[in-house]
Amino acid sequence: MMRQSLVSLLGCASLVIAPLAFSEEVDHFEGQSAETLQQAVSNFKEYNQKLDKILGGDLTPEDMNNVHQLTYTLENALGKINEEFDALAETLETIHLASERADSDAVKTNGEKYLSVSREVIK
């Protein structure tokens with residue numbers, strides 16, 4: 001009886017300790033780089049699909065590790081996308097202000113620059 005209680009206690013303890021040990025031993029990854037907007041959008045699309053597939057099932061410890069790893073690539077992609085979109089917003093504002101001044105050269109030059117970047121996202 002005492003042995004059975006000890007086994008049960010150890011079993012319960014392992015259920016508590018295992019997640020704690022896992023959380024303390026989390027590896028950090030670099031993820032796929034996103035040097036260009038095209039690369040960032042490609043990674044964003046691919047890794048969102050991977051995340052969607054994982055979320056469609058039961059989340060096993062292996063799945064949790066996979067999610068942990070793929071979020072690094074998603075963070076890199078979003079960082080590059082945000083950086084590019086901040087610059088894109090500035091370009092759009094330049095177009096807006098140029099249109100108010102009827103500066104067709106600035107509208108055309110910046111409009112082409114704007115569309116070149118935005119087409120990377122809306123393919």
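The values are calculated or read from the model by the stated rules, or taken from the named source; none is laboratory data. This structure is a prediction, so every number in the text was calculated from the model and none was measured. Cβ sites come from the backbone with ideal geometry, for glycine too, and all protein chains shown count toward neighbours.
A few notes on this one:
- Residue in segment 72-85 that is among the small types (G, A, S) and closer than 13 Å to A34 by Cβ present: yes
Residue-by-condition table, conditions (1) among the polar types (S, T, N, Q); (2) modelled with pLDDT of 95 or more; (3) under 25 Å from the mean Cα position of the chain (by Cα):
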| residue | (1), (2), (3) |
| --- | --- |
| E46 | no, yes, yes |
| G57 | no, no, yes |
| T94 | yes, yes, no |
| A102 | no, yes, no |
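- In a residue-by-residue description of segment 78-91, the property of being farther than 26 Å from G111 by Cα and either among the aromatic types (F, W, Y) or loosely packed, with under 15 Cβ neighbours inside 10 Å (or both) applies to no position.
- Residue check, K123 part of a helix (DSSP H, G or I) and not hydroxyl-bearing (S, T, Y): no
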